[in-house]
Amino acid sequence: MTVELRVFTEPQQGASYDDLLAVARTAEQLGFGAFFRSDHYLTMGGDGLPGPSDAWTTLAGLARDTSTIRLGTMMTSATFRHPGVLAIQVAGVDAMSGGRVELGIGAGWYAEEHTAYGIPFPDTKERFERLAEQLEILTGLWSTPVGRTYDFAGTHYQLSDSPALPKPVQSVGHRDGPPVLIGGKGKKQTPALTARYADEFNLPFLDVETTETQFARVRAACEEIGRDPGDLTWSNALVLCAGRDEAEVSRRAEAIGREPGELRVNGLAGSPQEVVDKIGRYAALGSQRIYLQVLDLADLEHLHLVADEVMPHV
């Protein structure tokens, strides 16, 4: 198998910029494919100190403080930013990084963080409508030739005579702009949006059986519109809890408030060989990337273990 390993963090649980920078630089030095962070404004347990950080502000800093590792969000919420503003932000960070940015984007789901920070939270139907319009606007703005303008008249967003600037550094095959990731287990809208707009489909924190079913739905959605499913990159995100022995696994599980047995079922836990074997089961279904959810950001040795004893075997 050939599977790229990426690092995925959850800073809303409690992390400073320096904490994230240390993880990103370690991941870069060890050869991980990318550093991703969540886009949330409220902790999901614990005090979350020192408090949340904005995903695109963080990535702008990392764009200048790292050199080669790719950077992205999993997932930016379409409820947080107007699409024109997001297009400018992503293009700017792409330029700051020399073309290393990837945009993971979703409809948003965490109602409490919207309430806590005064962000409107429409119902599910409207959130997916807004996501679809945002995807159309983002890709449209980035692909509009310099010197031309972009217009969009949707239900939720309207743009008129936009100069569609700035332009991202990257282009991905069929269009200008950085790679776009869409994910989730929705049966209809998620596969349809993925087929139309995404460069990568990601399935977070789900088992092999669910992965097989959802990958099949997305492949069918691609074929329905005449897109080759092989154009997509396929990936999973799974919590990481590896150790050289059972004591180390237990220590790492305790540090993140989880149980080793539960993590073996729902994540990548156990010895390096157990982790390699489980990655292999996802790879057999077509997964090409695994995002390792690293929850204890102070435990940089965890990344060293994976780089030394897992990465060479996947």
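On inspection, Pro204 does not qualify as out of contact with any helix residue (DSSP H, G or I) (no Cβ under 9 Å at 6 or more places or on another chain), open to solvent by less than 30 Å² (accessible area, probe 1.4 Å) and within 21 Å of Phe8 (Cα to Cα). Looking across the stretch 63-96 at every residue that is over 15 Å from the mean Cα position of the chain (by Cα) and crowded, with 24+ Cβ neighbours inside 10 Å, the one that is nearest to Tyr17 (Cα to Cα) is identified as Val93. When Ala216 is tested against the conditions (1) open to solvent by 20 Å² or more (accessible area, probe 1.4 Å); (2) aliphatic (A, V, I, L, M); (3) part of a strand (DSSP E or B), the lone failure is (3).
When the stretch 137-173 is limited to residues that are touching a Phe, Trp or Tyr at 6+ places or on another chain (Cβ under 7 Å) and within 28 Å of Lys187 (Cβ to Cβ), the one that is least open to solvent (accessible area, probe 1.4 Å) turns out to be Ile137. Among the residues of the stretch 88-123, the one identified as touching a Gly at 6+ places or on another chain (Cβ under 7 Å) and over 25 Å from Met44 (Cα atoms) is Val101. Scanning the stretch 255-280 for residues that are open to solvent by 30 Å² or more (accessible area, probe 1.4 Å) and more than 21 Å from the chain's Cα centre (by Cα) turns up Ala255, Gly257, Arg258, Glu259, Gly261, Glu262, Arg264, Val265, Ser271, Gln273, Glu274, Asp277.
The set of residues in the stretch 97-116 being acidic (Asp, Glu) and open to solvent by 20 Å² or more (accessible area, probe 1.4 Å) consists of Glu112 alone.
The values are calculated or read from the model by the stated rules, or taken from the named source; none is laboratory data. Remember, it's a predicted structure, so these values are computed and weren't measured experimentally. Reconstructed Cβ throughout: ideal geometry from the backbone, glycine too, with neighbour counts over all protein chains shown. Only protein heavy atoms, including side chains, enter the accessible area calculation; ligands, DNA and RNA are left aside. Shrake-Rupley method; radii C 1.70, N 1.55, O 1.52, S 1.80 Å.
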